[in-house]
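First comes the structure, then the notes that go with it.
The values are calculated or read from the model by the stated rules, or taken from the named source; none is laboratory data. As the structure is a prediction and not an experimental result, all values here were calculated from the model. Note that we place each Cβ from the backbone using ideal geometry, even for glycine, and neighbour counts take in every protein chain shown.
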Amino acid sequence: MNPRLVGTLVQKDLAVFFRNRLFAMITILGIIAYLVIYSVMPGTIDYTLEIGLYSPVSIPAFEELDQEGLEFVTAPTEEQLRQAVIDGRFIAGISLPADVMARLLAGERPGITVFFAADVTPEMRDAVAMVIQELGHIVTGQTLDIEVSEEVLGLDLGGMPLPPRDRLRPLLAVMLIMVETMGLATLISSELERRTINALLVTPATVADVFIAKGIAGISLAFGQAALFMAIVGGLDKQPLVVLTTLFLGALLVIAAGFLIGAVAKDMLSVLAWSIPVIIILLIPSIAVAFPGSVAGWVEALPSYYLVDTIHRASNFGAGWSDVWQNLIMLLGFVVVLAWVGVVVLRRRMQ
Amino acid sequence: MSLRRIGVLLGKELFQGPRNFIFVFVIVAPVAISFVMSLIFGTLFAEQPRLGIVDEGRSQLTTSARETAAIAVREYRSIADLRRAVESGSEDMGIVLPADFDSSMSQGERIPVSIFIWGESSSRSRTILGVTVINLVREIAGQEPPLEIDSITLGEEVTVPWNERLLPLIVLMAVFLGGMFLPATSIISEKENHTLAALLVTPATPEDVFVAKGIVGIALSLLSGMVILLLNQAFGAHPLLLILVLALGAVMAAGLGLLMGVALKDVTTLFAIWKLGGILLFGPAFVYMFPQIPAWIGRLFPTYYILQPIVEISQRGVGWETISTNVFVLVVLDLLLVGAVALALRRARRVASLG
């Protein structure tokens, strides 16, 4: 391998890449768009049900049910309670009559008023009604004789789930990497289509030099963008080395896919035709991480599962080398196999 | 113009088309967009906590839970399935009801119940699920609800759920991805490969070629729009009326595609124009998504007259009387576009002679 030649070829490939207006635009606008998407997603999650309460009498049951996930805030007057509900400060407002305790304890069924803002969904109204009825049961001292055994499955975040933007972060980083499949495939496809690759091989550059140069160009684009994105959005705050290593392996995976598509495709339209299904398939595991339970367990058969799962666990939960080494080995295995197939197919095409 | 020649050209477009990336683009993209949108707004921002149940008897709790709006319920066959579902986040909570659950509860006997909680579920979901299940158990135990609740709605704002707000955007994307890109890329490819000139040496006229490409665009556009409406269960009470509006929208999309095909040199330019022009096409959908934007702005965009009848029919269930004015405007816009395409045919002759 001739490093000087490889360097020149990388420069040439990057210049060719950015000369294509479509991909240059996708590259620059892509990062900006992903940053915008990330920033408009909610950064916090409202994990408590905040209910306003106007009650002329003190009711101890409310303190009993005022636990994690549920919060009662007292309003001095019913009018203020109504206004707070309209302003969206509470999901609902409960107005209790002065004789509610006495009537409950007497075994009667007193009426209470619950205010909802117009934008509260029927699901939430039903949930609030359930909460209120349970309060009534507690006040009247009705018990249930159930022996509950409770088990928390998976990583226990104590009722405070990841904000949507952090959950989507691995998906966005992986998408940035995956889109580069098209860029690299176009670089290769255009060389083959125009037969400039044959011209290159007449120079002192060898086939290995050409492959390595294309690989480096692809990696610098895919890895560079994803690493930049993760750095800006705080994805490197926890376990940066693990995240960067994983992104690098992800970039290698994309290079391998790009070699394969570039070898098979005839022109730019054909590159897009092949790339879109490949990218969609490789993105499915990211959807499984971003939207838990949406995809079945077969996603583990896809190489990108090990990429996105590692980024998710390392960047969101601080998983270290000892937690993710199996994922990284699987990912490396997929990369080696795909890259080997890609190089073989490409060599045949060049011949 | 010859119907037989148009038929032959139509066959060529249809049977050679599937190898073209556009077919992937127009079929895969709308479905993928719809899928992702439903995931984002059906999962990430869903307000209903999810409860999985393994019912070893035939408990009333399962039936009552299904009827409750507060939670979403799914039943599992085995405890292992339920554990897997909770562990993967498919359910926020799982409950195993023993075979004699109802009888034990009604007789006041102590009964063991296993509950699984997804570690990443929110405390809000846990509270709602816990309280809802307890309420339902109390019903089985014969405990009457102690309070009479009078719900009062304050304010006038009626919220449109996000999945409904996004539907117009998804429908427009489906209609225009297929209807516009297919004729446009088809003509551009013919020009790039100089096959259009070759084609016009045969008895086929430019009119035949354009009509064939336009019909394929319209058919694909209509199909994509219908698939999206089917996927989103948004056909409403007047499906034929909806198909008519979609068809008129498809004509607009195909007309724009034909015009672009004539005007543009290569596919890269088409994509670059799409990036900017897309904003103009999808403008009314963004106005619909964000009610803070004055509604009259939407009327400035030609696609408003496709979108508004679709929204009216699919989401508000209205009939012909309400949408007729917008449909007439759409017909006029389509006729203008057809006229523009006819003018472009002259240009096509020039292109052919130069090609």
Quickly run through region A:160-193 and pick out the residues that are more than 14 Å from chain B (Cβ to nearest Cβ) and either without any contact (Cβ under 8 Å) to a residue 12 or more places away in the chain or among the acidic types (Asp, Glu) (or both). A:Glu180, A:Glu191
Here are some residues: A:Val243, A:Val278, A:Val289, A:Val324. Which one is in a helix (DSSP H, G or I), closer than 30 Å to A:Ser189 by Cα and aliphatic (A, V, I, L, M)? A:Val278
For the structure I just gave you, tell me whether B:Ala32 is crowded, with 20+ Cβ neighbours inside 10 Å, of a type in the set (A, V, I, L, M) and either modelled with pLDDT under 85 or not assigned by TED's automatic domain parsing to the domain that holds B:Pro98 (or both). no
In region A:76-85, is there at least one residue being modelled with pLDDT of 80 or more, in contact with a helix residue (DSSP H, G or I) (Cβ under 9 Å, 6 or more places away or on another chain) and either in the same structural domain as A:Arg165 (by TED's automatic domain parsing) or more than 20 Å from A:Ala226 (Cα to Cα) (or both)? no
Condition first: among the charged types (D, E, K, R), within 18 Å of B:Thr62 (Cβ to Cβ) and more than 7 Å from chain A (Cβ to nearest Cβ). Now tell me which residues in region B:102-161 satisfy that. B:Asp102, B:Glu139
May I ask you to list the residues in region A:138-159 that are assigned to a loop (DSSP other than H, G, I, E, B) and either within 7 Å of chain B (Cβ to nearest Cβ) or farther than 20 Å from B:Ser122 by Cα (or both)? A:Thr140, A:Gly141, A:Gln142, A:Thr143, A:Leu144, A:Asp145, A:Gly154, A:Leu155, A:Asp156, A:Leu157, A:Gly159
Regarding region B:90-104, can at least one residue be identified that is modelled with pLDDT of 85 or more, of a type in the set (Val, Ile, Thr) and either surrounded by 23 or more Cβ atoms within 10 Å (Cβ to Cβ) or not assigned by TED's automatic domain parsing to the domain that holds B:Gln308 (or both)? yes
Name the residue that is modelled with the lowest pLDDT, counting only residues in region A:20-63 that are within 30 Å of A:Val100 (Cβ to Cβ) and among the aromatic types (Phe, Trp, Tyr). A:Phe62
Test: residue in region A:287-294 that is farther than 30 Å from B:Thr269 by Cα, more than 14 Å from chain B (Cβ to nearest Cβ) and buried (at least 23 other Cβ atoms within 10 Å of the Cβ): no
Working carefully through the options B:Ala295, B:Ala272, B:Ala352, B:Ala253, find the one that is in contact with a Phe, Trp or Tyr (Cβ under 9 Å, 6 or more places away or on another chain) and at pLDDT below 80. B:Ala295
Do we have any residue at all in region A:253-273 that's part of a loop (DSSP other than H, G, I, E, B) and at positive phi? no
State which residue is farthest from A:Ser304 (Cα to Cα) when the search covers only region A:270-279 and only residues that are without any contact (Cβ under 8 Å) to a residue 12 or more places away in the chain and buried (at least 18 other Cβ atoms within 10 Å of the Cβ). A:Ala273
Which residue out of A:Leu201, A:Leu221, A:Leu171, A:Leu176 is at pLDDT below 90, buried (at least 16 other Cβ atoms within 10 Å of the Cβ) and more than 16 Å from the chain's Cα centre (by Cα)? A:Leu221
Among residues of region A:295-304 being within 13 Å of chain B (Cβ to nearest Cβ) and part of a helix (DSSP H, G or I), the residue modelled with the lowest pLDDT is A:Gly297
With respect to B:Ile170, is the statement that it is on the phi < 0 side of the Ramachandran plot and not assigned by TED's automatic domain parsing to the domain that holds B:Asp334 true? no
Would you confirm whether any residue within region A:79-90 is among the acidic types (Asp, Glu), farther than 21 Å from A:Leu135 by Cβ and out of contact with any Phe, Trp or Tyr (no Cβ under 8 Å at 6 or more places or on another chain)? yes
Show the residue pairs that are 6+ apart or on different chains and have beta-carbon atoms under 9 Å apart, the first residue being within region A:115-137 and farther than 12 Å from A:Ile51 by Cα and more than 7 Å from chain B (Cβ to nearest Cβ), the second being hydroxyl-bearing (Ser, Thr, Tyr) and surrounded by fewer than 22 Cβ atoms within 10 Å (Cβ to Cβ). A:Val120/B:Thr153; A:Val120/B:Thr159
Quick one: would you say A:Leu328 is out of contact with any Pro (no Cβ under 9 Å at 6 or more places or on another chain), in contact (Cβ under 8 Å) with a residue 40 or more places away in the chain and surrounded by fewer than 19 Cβ atoms within 10 Å (Cβ to Cβ)? yes
Report, by residue number, each residue of region B:74-100 that is in contact with a strand residue (DSSP E or B) (Cβ under 7 Å, 6 or more places away or on another chain), more than 21 Å from A:Ile287 (Cα to Cα) and either away from every other protein chain (no Cβ under 12 Å) or assigned to a loop (DSSP other than H, G, I, E, B) (or both). B:Glu75, B:Tyr76, B:Ser78, B:Pro98
